[in-house]
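Working notes, structure below.
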Amino acid sequence: MSEDLPPLPPPLPAAGEVPPGGDGGAGTPWERRDQLGFVPALVETTGQVLLHPTDFFRRMPVSGGLGAPVLYALIVGYLGIVVQAVYQAVLNVGLGSALRGFGERSPLGPLGPVLQGGAGLVVQIVLGPIFLLMGLFIGAGIYHLILMVMGQAKQAFEATLRVVSYGHAASVVMLLPFCGGLVAALWWLVIGIIGLSEAHGIGRGSAAVAILAPIVLACCCCGLGLLLIFGGIAGVASHLPR
């Protein structure tokens, strides 16, 4: 009497193989912060994104809710905003003191640079989270739209937003004085390209186009605007009496 054999399990992936955009059975440390703890999960996630972005985004779930990645972006991104605001306020005070040495006087006297720097600091601290949240969704929307136009959006919008959110790990580089903002921007470009490539399972070249196209377009628009301005000034100057 024959017995029904149980179905065979699916074949195991090769060693080190993780499906593109899958979680690899691991997920992200930040989304396991209930088990790891808030601070350890934050530090581990940031370290993985900065130092091992390919492995991180290869294991990152492309779905599961936006709350966790957006919260991560707000925490780390806000830290970068506050640090940069403090550096800028200190720089304003220093420049104000230097200008006073050259005879430049502020209407507010010696407190002028301090009050101006402090006002900018307060504005960035209060409005920083709002601008950060807006930039997060607008930026992810632009990248995803470009991927859709290219036919390379293999996953839903959530996957792109997750990449942009966790890419804010580069904001911690803003802790470096003077050059922190530039280094963070360049580091973000690398992270964004790797993240989109792994999350959507596409080539690095296609991901680079999606990340760099808005920058190139913005530069072209600025260049065209400057040409129009200088052309207008030259046209007006040519009609002035000599």
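The values are calculated or read from the model by the stated rules, or taken from the named source; none is laboratory data. Everything quoted here is computed from the prediction, not taken from an experiment. Note that each Cβ is placed from the backbone with ideal geometry, even for glycine, and that neighbours are counted across all protein chains shown. What goes into the accessible areas is simple: the full protein's heavy atoms, side chains included, and nothing from ligands, DNA or RNA. Shrake-Rupley method; radii C 1.70, N 1.55, O 1.52, S 1.80 Å.
Residues of segment 58-74 being assigned to a helix (DSSP H, G or I) and surrounded by fewer than 17 Cβ atoms within 10 Å (Cβ to Cβ), which ones? Steps first, please.
Residues of segment 58-74 that are assigned to a helix (DSSP H, G or I), as a first pass: 58-59, 67-74.
Passing the criteria: Gly67, Leu71.
Here is the figure for segment 86-107: residues that are assigned to a helix (DSSP H, G or I) and at pLDDT below 80 total 15.
Note on segment 162-180: among residues that are open to solvent by 30 Å² or more (accessible area, probe 1.4 Å) and over 9 Å from the mean Cα position of the chain (by Cα), the one that is modelled with the lowest pLDDT is Phe178. Within segment 181-204, the set of residues being farther than 17 Å from Leu51 by Cα and open to solvent by 50 Å² or more (accessible area, probe 1.4 Å) comprises Leu182, Arg204. Contact map, segment 187-198: first residue under 20 Å from Ala156 (Cβ atoms), second residue among the hydroxyl-bearing types (Ser, Thr, Tyr) and surrounded by fewer than 22 Cβ atoms within 10 Å (Cβ to Cβ), Cβ cut-off under 7 Å, separation 6 or more or different chains; pairs are Ile194/Thr54; Glu198/Thr54.
Would you point out which residue out of Gly231, Gly201, Gly205 is in contact (Cβ under 8 Å) with a residue 40 or more places away in the chain and of a type in the set (Gly, Ala, Ser)?
On the way: Gly231 fails: in contact (Cβ under 8 Å) with a residue 40 or more places away in the chain; Gly205 fails: in contact (Cβ under 8 Å) with a residue 40 or more places away in the chain.
Within the list Gly231, Gly201, Gly205, the selection yields Gly201.
Among residues belonging to segment 20-38 that are open to solvent by less than 60 Å² (accessible area, probe 1.4 Å) and closer than 14 Å to Gly67 by Cα, point out the one that is modelled with the highest pLDDT. Taking the candidates together, the pick is Trp30.
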